Amino acid sequence: VRTSFSLLIHLINSLFPHFFTISDLSTMSKGRKVVWEDSSWRFEGWVIQAQNNHAKKVVIAFHGFDRRASEMENFMSFYDNDTGMLSVNLLHHGESGPVGDLHVYSMLEPEILLNSLIKKVQTEFGKNVEQLELLGYSMGSRICFKLLTENTDRFSRIIVLAPDGLRKGLMYKFVVNTRFGRFCWSLVDKFPKTNRSIIDALYKVGVISEHRHHFGRYHTDSPEIRKRVAYGWAAHKKFWPELSELASAVSKVETHIVFGNRDKIIPEKWSQGLKLELAKIKCESVKFHTIDSGHVMRHAATVEQIVSAIKS
(Lines give C-alpha, C1' and ligand atoms only; values in the text may rest on other atoms or scores of the structure.)
Protein backbone atom coordinates (compact mmCIF):
# COMPACT_ATOMS: atom_id res chain seq x y z
CA VAL A 1 0.00 0.00 0.00
CA ARG A 2 2.83 2.37 0.91
CA THR A 3 4.57 1.72 -2.42
CA SER A 4 1.35 2.20 -4.40
CA PHE A 5 0.65 5.49 -2.62
CA SER A 6 4.18 6.71 -3.30
CA LEU A 7 3.84 5.90 -7.01
CA LEU A 8 0.49 7.72 -7.09
CA ILE A 9 2.04 10.83 -5.56
CA HIS A 10 4.88 10.79 -8.12
CA LEU A 11 2.35 10.41 -10.93
CA ILE A 12 0.24 13.33 -9.65
CA ASN A 13 3.30 15.55 -9.24
CA SER A 14 4.42 14.70 -12.79
CA LEU A 15 1.02 15.48 -14.32
CA PHE A 16 0.19 18.53 -12.17
CA PRO A 17 3.44 20.00 -10.82
CA HIS A 18 1.98 23.49 -10.39
CA PHE A 19 -1.13 22.54 -8.44
CA PHE A 20 -0.11 20.20 -5.64
CA THR A 21 1.99 21.07 -2.61
CA ILE A 22 2.59 19.55 0.79
CA SER A 23 -0.38 21.59 2.03
CA ASP A 24 -2.58 19.75 -0.48
CA LEU A 25 -1.12 16.32 0.28
CA SER A 26 -0.92 16.55 4.06
CA THR A 27 -0.14 12.85 4.47
CA MET A 28 3.32 13.59 3.06
CA SER A 29 4.10 16.10 5.79
CA LYS A 30 6.79 15.27 8.33
CA GLY A 31 6.12 18.25 10.57
CA ARG A 32 4.14 18.86 13.72
CA LYS A 33 2.44 21.88 15.20
CA VAL A 34 3.94 23.61 18.24
CA VAL A 35 2.60 26.49 20.33
CA TRP A 36 4.51 28.39 22.99
CA GLU A 37 4.31 31.66 24.92
CA ASP A 38 7.02 34.17 25.76
CA SER A 39 6.92 37.76 27.06
CA SER A 40 3.12 38.10 26.65
CA TRP A 41 3.20 36.77 23.09
CA ARG A 42 1.95 33.44 21.81
CA PHE A 43 3.64 31.84 18.81
CA GLU A 44 2.40 28.98 16.66
CA GLY A 45 4.96 27.08 14.65
CA TRP A 46 5.68 24.00 12.57
CA VAL A 47 8.69 21.82 13.42
CA ILE A 48 10.37 19.51 10.91
CA GLN A 49 13.18 17.36 12.22
CA ALA A 50 16.30 16.71 10.18
CA GLN A 51 16.11 13.60 8.01
CA ASN A 52 18.91 11.95 9.96
CA ASN A 53 17.22 13.00 13.26
CA HIS A 54 20.31 14.86 14.45
CA ALA A 55 20.09 18.48 13.38
CA LYS A 56 23.42 20.24 13.04
CA LYS A 57 21.68 23.17 11.36
CA VAL A 58 18.22 24.68 11.85
CA VAL A 59 16.47 27.04 9.46
CA ILE A 60 14.01 29.50 10.98
CA ALA A 61 11.28 30.21 8.42
CA PHE A 62 8.45 32.71 8.00
CA HIS A 63 5.58 32.44 5.51
CA GLY A 64 3.73 35.15 3.59
CA PHE A 65 0.61 37.13 4.44
CA ASP A 66 -2.52 34.98 4.84
CA ARG A 67 -0.51 31.77 4.52
CA ARG A 68 0.58 29.35 7.25
CA ALA A 69 3.75 28.00 8.81
CA SER A 70 3.29 24.42 7.60
CA GLU A 71 3.58 25.35 3.91
CA MET A 72 7.23 26.34 4.36
CA GLU A 73 7.95 22.61 4.51
CA ASN A 74 7.68 22.73 0.72
CA PHE A 75 11.15 24.30 0.69
CA MET A 76 12.99 21.62 2.67
CA SER A 77 14.72 20.51 -0.55
CA PHE A 78 16.88 23.63 -0.17
CA TYR A 79 18.65 21.95 2.73
CA ASP A 80 20.84 18.96 3.58
CA ASN A 81 19.74 15.94 5.59
CA ASP A 82 21.26 17.38 8.76
CA THR A 83 18.99 20.46 8.72
CA GLY A 84 15.76 20.87 10.66
CA MET A 85 13.20 23.65 10.37
CA LEU A 86 11.25 25.83 12.80
CA SER A 87 8.59 27.60 10.73
CA VAL A 88 6.67 30.31 12.57
CA ASN A 89 3.25 31.79 11.95
CA LEU A 90 3.17 35.54 11.47
CA LEU A 91 1.31 37.43 14.17
CA HIS A 92 -2.49 37.26 13.88
CA HIS A 93 -2.14 34.11 11.78
CA GLY A 94 -3.21 30.90 13.46
CA GLU A 95 -2.56 31.18 17.20
CA SER A 96 0.28 33.70 16.94
CA GLY A 97 -0.49 37.05 18.58
CA PRO A 98 -0.51 39.06 21.80
CA VAL A 99 -1.84 37.49 25.00
CA GLY A 100 -2.61 38.72 28.50
CA ASP A 101 -2.76 42.48 28.92
CA LEU A 102 -1.27 43.33 25.53
CA HIS A 103 -3.54 45.32 23.23
CA VAL A 104 -4.56 43.73 19.94
CA TYR A 105 -2.61 46.47 18.11
CA SER A 106 0.58 45.78 20.11
CA MET A 107 3.88 45.79 18.19
CA LEU A 108 6.36 42.96 18.64
CA GLU A 109 9.98 43.84 19.39
CA PRO A 110 12.50 42.04 17.12
CA GLU A 111 14.70 41.27 20.13
CA ILE A 112 11.84 39.49 21.92
CA LEU A 113 11.12 37.38 18.84
CA LEU A 114 14.79 36.50 18.29
CA ASN A 115 15.35 35.43 21.90
CA SER A 116 12.16 33.37 21.91
CA LEU A 117 13.13 31.62 18.67
CA ILE A 118 16.59 30.71 19.95
CA LYS A 119 15.11 29.20 23.10
CA LYS A 120 12.56 27.26 21.05
CA VAL A 121 15.26 25.91 18.72
CA GLN A 122 17.18 24.61 21.75
CA THR A 123 14.02 23.00 23.11
CA GLU A 124 13.07 21.26 19.87
CA PHE A 125 16.49 20.41 18.42
CA GLY A 126 18.84 20.38 21.43
CA LYS A 127 21.74 22.64 22.34
CA ASN A 128 24.22 21.15 19.87
CA VAL A 129 22.90 23.00 16.81
CA GLU A 130 25.93 24.43 15.05
CA GLN A 131 24.31 26.85 12.58
CA LEU A 132 21.11 28.85 12.19
CA GLU A 133 19.71 29.95 8.84
CA LEU A 134 16.80 32.15 7.79
CA LEU A 135 14.15 31.48 5.15
CA GLY A 136 11.40 33.94 4.27
CA TYR A 137 8.65 34.18 1.71
CA SER A 138 7.00 37.51 0.84
CA MET A 139 6.09 39.28 4.11
CA GLY A 140 8.06 36.64 6.00
CA SER A 141 11.20 37.83 4.21
CA ARG A 142 10.87 41.19 5.93
CA ILE A 143 10.90 39.45 9.31
CA CYS A 144 14.06 37.58 8.27
CA PHE A 145 15.76 40.75 7.06
CA LYS A 146 15.17 42.49 10.40
CA LEU A 147 16.30 39.50 12.47
CA LEU A 148 19.49 39.34 10.41
CA THR A 149 20.28 43.03 10.82
CA GLU A 150 19.62 42.80 14.57
CA ASN A 151 22.12 39.98 15.12
CA THR A 152 24.09 39.03 12.01
CA ASP A 153 26.55 36.81 13.89
CA ARG A 154 23.84 34.28 14.76
CA PHE A 155 23.06 33.26 11.18
CA SER A 156 25.13 31.63 8.45
CA ARG A 157 22.76 31.96 5.49
CA ILE A 158 19.54 33.68 4.43
CA ILE A 159 17.23 32.78 1.55
CA VAL A 160 14.31 35.06 0.75
CA LEU A 161 11.64 34.49 -1.90
CA ALA A 162 9.57 37.29 -3.47
CA PRO A 163 10.88 39.43 -0.61
CA ASP A 164 8.89 42.11 1.14
CA GLY A 165 10.95 44.59 3.16
CA LEU A 166 12.83 46.33 0.35
CA ARG A 167 10.23 48.98 -0.32
CA LYS A 168 6.98 50.07 1.34
CA GLY A 169 3.90 49.91 -0.84
CA LEU A 170 1.50 52.85 -0.94
CA MET A 171 -1.34 50.86 0.65
CA TYR A 172 0.90 49.85 3.56
CA LYS A 173 2.11 53.42 4.14
CA PHE A 174 -1.46 54.71 4.07
CA VAL A 175 -3.04 52.12 6.38
CA VAL A 176 -0.22 51.70 8.91
CA ASN A 177 1.55 55.06 9.04
CA THR A 178 -1.32 57.58 8.92
CA ARG A 179 -4.28 58.22 11.22
CA PHE A 180 -6.46 58.97 8.21
CA GLY A 181 -5.46 55.63 6.70
CA ARG A 182 -6.44 53.77 9.85
CA PHE A 183 -9.74 55.66 9.90
CA CYS A 184 -10.43 54.74 6.28
CA TRP A 185 -9.61 51.12 7.00
CA SER A 186 -12.14 51.13 9.85
CA LEU A 187 -14.76 52.34 7.35
CA VAL A 188 -13.85 49.48 5.00
CA ASP A 189 -14.49 47.07 7.86
CA LYS A 190 -17.85 48.70 8.65
CA PHE A 191 -19.04 48.98 5.05
CA PRO A 192 -17.50 46.07 3.08
CA LYS A 193 -20.20 46.05 0.37
CA THR A 194 -19.65 49.73 -0.38
CA ASN A 195 -15.90 49.10 -0.53
CA ARG A 196 -16.39 46.26 -3.03
CA SER A 197 -18.61 48.45 -5.18
CA ILE A 198 -16.02 51.25 -5.23
CA ILE A 199 -13.16 48.90 -6.14
CA ASP A 200 -15.24 47.26 -8.89
CA ALA A 201 -16.27 50.65 -10.28
CA LEU A 202 -12.67 51.91 -10.37
CA TYR A 203 -11.67 48.81 -12.32
CA LYS A 204 -14.56 49.07 -14.78
CA VAL A 205 -13.72 52.67 -15.72
CA GLY A 206 -10.02 51.84 -16.06
CA VAL A 207 -8.68 53.76 -13.06
CA ILE A 208 -7.03 50.64 -11.60
CA SER A 209 -5.57 47.60 -13.34
CA GLU A 210 -6.86 44.04 -13.12
CA HIS A 211 -4.00 43.19 -10.76
CA ARG A 212 -4.78 46.09 -8.40
CA HIS A 213 -8.47 45.21 -8.54
CA HIS A 214 -7.71 41.64 -7.48
CA PHE A 215 -5.26 42.84 -4.82
CA GLY A 216 -7.77 45.27 -3.34
CA ARG A 217 -10.62 42.78 -3.29
CA TYR A 218 -8.45 40.03 -1.82
CA HIS A 219 -7.30 42.17 1.11
CA THR A 220 -10.74 43.57 1.94
CA ASP A 221 -13.43 41.01 1.08
CA SER A 222 -13.51 38.94 4.28
CA PRO A 223 -13.50 40.12 7.92
CA GLU A 224 -10.63 37.73 8.71
CA ILE A 225 -8.41 39.29 6.02
CA ARG A 226 -9.30 42.82 7.10
CA LYS A 227 -8.29 42.01 10.68
CA ARG A 228 -4.99 40.49 9.55
CA VAL A 229 -4.23 43.62 7.55
CA ALA A 230 -5.10 45.94 10.42
CA TYR A 231 -3.57 43.97 13.30
CA GLY A 232 -0.88 41.97 11.47
CA TRP A 233 0.67 44.89 9.65
CA ALA A 234 0.70 46.94 12.85
CA ALA A 235 2.17 44.09 14.94
CA HIS A 236 5.14 43.78 12.55
CA LYS A 237 5.67 47.53 12.16
CA LYS A 238 9.12 47.34 13.81
CA PHE A 239 10.31 44.74 11.30
CA TRP A 240 11.40 47.18 8.60
CA PRO A 241 15.16 47.15 8.06
CA GLU A 242 17.09 50.20 6.95
CA LEU A 243 18.52 49.38 3.52
CA SER A 244 22.03 50.48 4.50
CA GLU A 245 21.97 48.22 7.57
CA LEU A 246 20.49 45.38 5.53
CA ALA A 247 23.22 45.71 2.90
CA SER A 248 25.88 45.48 5.60
CA ALA A 249 24.21 42.41 7.15
CA VAL A 250 23.68 40.41 3.93
CA SER A 251 27.26 41.13 2.87
CA LYS A 252 28.46 39.12 5.88
CA VAL A 253 26.47 35.90 5.29
CA GLU A 254 25.59 33.71 2.33
CA THR A 255 22.58 35.46 0.81
CA HIS A 256 20.14 34.42 -1.91
CA ILE A 257 17.35 36.80 -2.98
CA VAL A 258 14.84 35.27 -5.41
CA PHE A 259 12.32 37.10 -7.60
CA GLY A 260 9.71 35.87 -10.03
CA ASN A 261 9.83 37.42 -13.50
CA ARG A 262 6.02 37.58 -13.54
CA ASP A 263 5.56 38.80 -9.97
CA LYS A 264 3.34 41.91 -9.96
CA ILE A 265 3.09 42.10 -6.16
CA ILE A 266 6.82 42.35 -5.43
CA PRO A 267 8.62 42.93 -8.75
CA GLU A 268 12.36 42.59 -9.16
CA LYS A 269 12.77 46.34 -9.64
CA TRP A 270 12.07 46.77 -5.92
CA SER A 271 15.58 45.43 -5.28
CA GLN A 272 17.26 48.48 -6.82
CA GLY A 273 17.56 50.33 -3.51
CA LEU A 274 19.36 47.42 -1.87
CA LYS A 275 21.62 46.96 -4.89
CA LEU A 276 22.66 50.61 -4.68
CA GLU A 277 23.54 50.21 -1.00
CA LEU A 278 25.54 47.06 -1.78
CA ALA A 279 27.42 48.93 -4.48
CA LYS A 280 28.34 51.64 -1.98
CA ILE A 281 30.15 49.07 0.18
CA LYS A 282 31.49 47.27 -2.89
CA CYS A 283 29.76 44.00 -2.02
CA GLU A 284 29.37 41.48 -4.85
CA SER A 285 28.72 38.34 -2.81
CA VAL A 286 24.93 38.72 -2.51
CA LYS A 287 23.21 36.54 -5.10
CA PHE A 288 20.08 37.84 -6.86
CA HIS A 289 18.10 35.21 -8.78
CA THR A 290 15.22 35.60 -11.24
CA ILE A 291 13.08 32.56 -11.98
CA ASP A 292 10.09 31.87 -14.22
CA SER A 293 7.38 32.50 -11.66
CA GLY A 294 4.69 34.79 -10.38
CA HIS A 295 4.41 35.69 -6.71
CA VAL A 296 3.52 32.14 -5.61
CA MET A 297 6.64 30.00 -5.31
CA ARG A 298 5.71 26.96 -3.23
CA HIS A 299 4.80 24.57 -6.07
CA ALA A 300 7.12 21.69 -6.92
CA ALA A 301 8.33 22.89 -10.33
CA THR A 302 9.08 26.37 -8.98
CA VAL A 303 10.93 24.97 -5.97
CA GLU A 304 13.11 22.95 -8.34
CA GLN A 305 14.00 26.16 -10.21
CA ILE A 306 15.02 27.83 -6.97
CA VAL A 307 17.16 24.88 -5.91
CA SER A 308 18.97 24.97 -9.26
CA ALA A 309 19.50 28.72 -8.99
CA ILE A 310 20.91 28.50 -5.46
CA LYS A 311 23.27 25.65 -6.35
CA SER A 312 24.51 27.22 -9.60
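Mind ordering 154-165, 255-266 by average Cβ neighbours within 10 Å, highest first?
Taking the mean over residues of other Cβ atoms within 10 Å, the ranking is 154-165, 255-266.
Per DSSP helix of 4 or more residues, -39500 (n - 2.57); summed, then divided by the residues of the chain. What does that give at 222 nm, rounded to the nearest 500?
Result for the chain, helices only: -11500 deg cm²/dmol.
If every alpha-carbon in segment 91-216 counts as one equal scatterer, what log10 I(q)/I(0) does Debye give at q = 0.18 1/Å?
-1.16
Could you tell me which of the pairs K56/K120; K33/K127; K173/K264; K193/K237 are separated by over 23 angstrom between their Cα atoms in the structure shown?
K193/K237
Run the paramagnetic zone check for N115: 7 angstrom along Cα to Cβ, then residues of segment 219-238 with backbone nitrogen under 18 Å.
238
Quick one: angle between helix 110-125 and the longest Cα principal axis of the chain, in degrees between 0 and 90, rounded to 10, please.
Approximately 30 degrees, to the nearest ten.
Could you tell me how many degrees, from 0 to 90 and to the nearest 10, lie between the Cα long axis of helix 179-190 and the main elongation axis, the longest principal axis, of the Cα atoms of the chain?
90
What would the Debye formula give as log10 I(q)/I(0) at q = 0.10 Å⁻¹ for the alpha-carbon point model of segment 27-134, no solvent?
-0.27
For segment 78-122, report the translational diffusion coefficient in µm²/s to the nearest whole number, using Stokes-Einstein at 10 °C, 1.306 mPa s, and a Kirkwood Rh over Cα pairs.
126
How would you rank 299-312, 48-61, highest first, on the average number of other Cβ atoms within 10 Å across their residues?
Highest to lowest by the protection proxy: 48-61, 299-312.
Just to be sure I understand the model, the point goes 7 Å from the Cα along the line to the Cβ. What's the resulting M107 to T178 distance in nm?
Inter-label distance under the simple model: 1.8 nm.
Take each of the peptides 65-71, 101-107, 83-89, 273-279, average the number of other beta-carbon atoms within 10 Å over its residues, and list them starting from the highest.
83-89, 65-71, 273-279, 101-107
Using the beta-carbon distance between D153 and E95 and R0 = 22 Å, what value does 1/(1 + (r/R0)^6) give for FRET efficiency, to the nearest 0.05?
Computed FRET efficiency for D153 and E95 comes out at 0.10.
Would you mind calculating the gained length between H211 and K264 on full extension (0.36 nm times residue separation, minus the Cα-Cα distance), in nm to one decimal?
18.3 nm
Quote the convex hull volume per residue of the chain, based on C-alpha atoms, as a whole number of Å³.
153
How many angstrom separate the Cα center of segment 176-226 from the Cα center of segment 261-286?
Their Cα centres are 30 Å away from one another.
Leaving out ligands, DNA and RNA, what percent of the accessible area of the chain is carbon and sulfur, probe 1.4 Å?
That fraction is 52 percent.
Name the residues of segment 258-273 whose amide N is less than 15 Å from a point 7 angstrom out from the Cα of D292 along the C-beta direction?
260-263
Do any GluC sites (Glu not before Pro) in segment 102-211 lie in a loop, going by DSSP, with at most 14 other beta-carbon atoms within 10 Å of their beta carbon, and if so which?
Taking segment 102-211 and a limit of 14 other Cβ atoms within 10 Å, the loop GluC sites (Glu not before Pro) found are E130.
Multiply the residue separation of K56 and T194 by 0.36 nm, subtract the distance between their alpha-carbon atoms, and state the gained length in nm to one decimal.
44.3 nm
Where in segment 49-67 is the amide nitrogen less than 12 Å from a point lying 7 Å along the Cα-to-Cβ axis of S222?
Residues 66-67 qualify, since their backbone N sits under 12 Å from the label point.
The values are calculated or read from the model by the stated rules, or taken from the named source; none is laboratory data. As the structure is a prediction and not an experimental result, all values here were calculated from the model. Methodologically, a virtual Cβ is constructed for each residue, glycine included, from the backbone with ideal geometry; neighbour enumeration extends over all protein chains shown. Side chains are part of the model used for accessible areas, which takes the heavy atoms of the whole protein and leaves out ligands, DNA and RNA. Shrake-Rupley method; radii C 1.70, N 1.55, O 1.52, S 1.80 Å.
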